[in-house]
1. Residue under question is residue 51, and the condition is that it be closer than 22 Å to residue 124 by Cβ and not polar (S, T, N, Q); does it hold?
2. Filter the stretch 149-189 down to the residues that are within 15 Å of residue 199 (Cβ to Cβ) and open to solvent by 40 Å² or more (accessible area, probe 1.4 Å), then identify the one that is nearest to the chain's Cα centre (by Cα).
3. Looking at this structure, is residue 333 at pLDDT 90 or above, aliphatic (A, V, I, L, M) and open to solvent by 40 Å² or more (accessible area, probe 1.4 Å)?
4. Check every one of the helices (runs of 4 or more DSSP H) wholly within the stretch 283-392 and list those with 3 or more residues that are over 17 Å from residue 124 (Cα atoms) and within 13 Å of the chain's Cα centre (by Cα).
5. Looking only at helices (runs of 4 or more DSSP H) that fall completely inside the stretch 406-459, which ones have 1 or more residues that are modelled with pLDDT under 80, open to solvent by 60 Å² or more (accessible area, probe 1.4 Å) and farther than 23 Å from residue 313 by Cα?
6. Taking the stretch 95-107 as the search range and keeping residues that are assigned to a loop (DSSP other than H, G, I, E, B) and either touching a residue at least 12 places away in the same chain (Cβ under 8 Å) or touching a Cys at 6+ places or on another chain (Cβ under 6 Å) (or both), which one is least open to solvent (accessible area, probe 1.4 Å)?
7. What is the number of the single condition among (1) part of a helix (DSSP H, G or I); (2) modelled with pLDDT under 95 that residue 203 does not meet?
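The values are calculated or read from the model by the stated rules, or taken from the named source; none is laboratory data. Because the structure is a prediction, the values reported are computed rather than measured. Note that we place each Cβ from the backbone using ideal geometry, even for glycine, and neighbour counts take in every protein chain shown. These area figures cover heavy atoms from the full protein model, side chains too; ligands, DNA and RNA do not enter into them. Shrake-Rupley method; radii C 1.70, N 1.55, O 1.52, S 1.80 Å.
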Amino acid sequence: MNPRVLLVDDEQSLCEWVAAALAKRAIDVTWRRTGVDALALLESDDFDVAVVDLNMRGMGGLELCERMVGCRPDLPVVVITAFGSLETAVAAIRVGAYDFVTKPFEIDGLRLTLDRAASHRALRTELHRLRRVIRDGQHVGAMLGGSVAMRRIYDLVERVAITDTAVLVTGESGTGKELLAREIHRRSHRAARPFVALNCSAVPEALLESELFGHVKGAFTDAGAPRPGLFRQAGDGTLFLDEIGELPLQLQPKLLRAIQERMVRPVGSDVEYPFEARLITATNRDLELAVDERRFREDLFYRINVLNVHLPPLRERGADVLLLAEQFVERYAVALGRGVVGLTAEAAAKLMAYAWPGNVRELQNCIERAVALTPFDRIVVADLPERIQAFRAARVVLGGEDPTEVLPLEEVERRYIRWAVEAVGGHKSVAAQKLGVDRKTLYRRLAAYDRSDPDKAAR
């Protein structure tokens, strides 16, 4: 990014020198020698950064800075002050200046300051745009996001909702799979009927069959009264089974038969009962790999995976991170009775840079914590968890430590494949799709890499 800069200084020679030096660095500088002329120019033209000398004849730099901030709060103002005039620079910061540089200064140092200021403005502009998006309702139900990935999800939800076909929702933990299932239900003709949800990993294995299919009185210890089970409780609404990949192997044939026959048999009963509920399942596991490893029945997988909706991880949703963060700030400011109105640009930059392994759920937790703890009206970097403050984006290293070293192509491929699997949260089917290779081919290569790795082979 090469910012457009407005320079205001009553020394023409300095203006000409700065403009010429920055032009060599592809920065467009427009300069004026008085505050009055600079303010008049701002009424008709737009700039990314203003640079103002504090020591000027006529309208002083401090007054000009204050008036610029007042009429153009989106414009970061960098002030120039003489060496040793720290009090004046602090006064400028108090009236809204973004930063200051001291004379004499180096052009490259000024360039870095201008780049930071322009990035600050760009982030603030994006935050304002996202607030408008929230106000304008760029969402589907409770699902929020304007990224290309989420717009595809919205379109798919519209098409899936009008059918009664089984749906499998996939995606990493914390991406909002239950939220999406509820949205499918809300947009279907079953919307006025019950939405019944169960997390298969949260119920003890011994009780899961009864929870799903019901039981008769006396079927087991403590079965003092009959229970219909969730399939029948859902009526002609929707039954949502989360973490379906955790369903015990011995219970999978009974679930498969229930789906095929649209009938359930309670524990301890000889009678079968019909059910009308639509089935939506979800998992953060790679079910195709579980099928290959015989941990999940192939016939059951095809029964529940008629329609697949894959929720993208937050790291692939671009500016949706800020869109969601702004919504969470607003929500928790009200809930906690705090006067927090948003994020600083620096905090927003940290949120955008972070990889979010815990996805939307982790972001929500982060913002709730920040709103609760911040002493300011906007969340600053120091309010964020240490892991986010210190985060540096990971990158795949294809070369060795010696810059003259050329690695064998096989080693480059090995490193890249492992990095790709890690980048999609360990979902090998997704990694295979993105790499453009057959899923089983990827599995074979990973297995071969593990065998050749002494540390992994030892484990």
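1. yes
2. Looking at the filtered set, the residue picked out is 173.
3. So residue 333 fails the test.
4. Correct list: 359-373.
5. In the stretch 406-459, 409-423, 439-452, 454-458 are the helices (runs of 4 or more DSSP H) which contain 1 or more residues that are modelled with pLDDT under 80, open to solvent by 60 Å² or more (accessible area, probe 1.4 Å) and farther than 23 Å from residue 313 by Cα.
6. So the residue we want is 97.
7. The one condition residue 203 does not meet is (1).
Here is a yes/no grid of residues against (1) of a type in the set (A, V, I, L, M, F, W, C); (2) surrounded by 15 or more Cβ atoms within 10 Å (Cβ to Cβ):
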position: 231; (1), (2): yes, yes
position: 251; (1), (2): yes, yes
position: 265; (1), (2): no, yes
position: 270; (1), (2): no, no
position: 286; (1), (2): no, yes
